[in-house]
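The values are calculated or read from the model by the stated rules, or taken from the named source; none is laboratory data. For clarity, every value in this text was computed on a predicted model and none was experimentally measured. So basically every Cβ, Gly included, is an ideal-geometry build from the backbone, and we count neighbours across all protein chains shown.
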């Protein structure tokens, strides 16, 4: 007579669950990894922008133009040899780099208090040696 081994019981697909501590550790590590990846990608993106400086050569007006306007707001560009419309005057600082790009050789950053805006200042950029109106002063970038 042969001895029969009892057949194994069916498991019905149940596998032991990992402990809650192990599960929480996996979730925490996944969150930390995701935050680190996002932070690294953001840092690399801004590092790339800083290195390439896509706005580093932005000027108030295009080459061959100069800013002019009315009442101290010089927000229009005209050809250098153009006749200005009535009431317009040339910007005393001429064409210049945008205030954020004032680190070019021969240029300095200046600012003045904004009238009616307590504690706020307006920045601009001028050639070194330019005589500044009374309210403007040189900004120390150190």
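For residue 40, are the conditions met, namely being surrounded by 10 or more Cβ atoms within 10 Å (Cβ to Cβ), over 30 Å from residue 96 (Cβ atoms) and either at pLDDT below 75 or outside the structural domain of residue 97 (by TED's automatic domain parsing) (or both)?
yes
What's the number of the only condition in (1) without any contact (Cβ under 8 Å) to a residue 40 or more places away in the chain; (2) surrounded by 13 or more Cβ atoms within 10 Å (Cβ to Cβ) that residue 63 fails to meet?
(2)
If I filter region 92-99 for residues that are within 16 Å of the chain's Cα centre (by Cα) and in a helix (DSSP H, G or I), do I get at least one hit?
Scanning region 92-99 turns up at least one residue that is within 16 Å of the chain's Cα centre (by Cα) and in a helix (DSSP H, G or I).
This table checks each residue for (1) in contact with a strand residue (DSSP E or B) (Cβ under 9 Å, 6 or more places away or on another chain); (2) within 17 Å of residue 67 (Cβ to Cβ).
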position	(1), (2)
101	yes, yes
105	no, no
114	yes, no
120	yes, no
135	yes, no
138	yes, no
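Do you know which residues across region 77-99 are more than 25 Å from residue 115 (Cβ to Cβ) and surrounded by 14 or more Cβ atoms within 10 Å (Cβ to Cβ)?
78
For residue 116, all conditions in the list (1) under 19 Å from residue 134 (Cα atoms); (2) assigned to a strand (DSSP E or B) hold save one; what is the number of the exception?
Answer for residue 116: the failing condition is (2).
Matching residues to (1) exposed (fewer than 12 other Cβ atoms within 10 Å of the Cβ); (2) at pLDDT 90 or above; (3) under 16 Å from residue 127 (Cα atoms); (4) under 26 Å from the mean Cα position of the chain (by Cα):
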{"residue": "67", "(1), (2), (3), (4)": "no, yes, yes, yes"}
{"residue": "75", "(1), (2), (3), (4)": "yes, no, no, yes"}
{"residue": "101", "(1), (2), (3), (4)": "no, no, yes, yes"}
{"residue": "105", "(1), (2), (3), (4)": "yes, no, yes, yes"}
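Considering only residues that are more than 19 Å from residue 62 (Cβ to Cβ), touching a residue at least 12 places away in the same chain (Cβ under 8 Å) and within 23 Å of the chain's Cα centre (by Cα), which ones fall in region 113-142?
The answer is 123, 139, 141.
Mind listing whichever residues of region 108-124 are closer than 24 Å to residue 52 by Cβ and modelled with pLDDT of 90 or more?
Passing the criteria: only 109.
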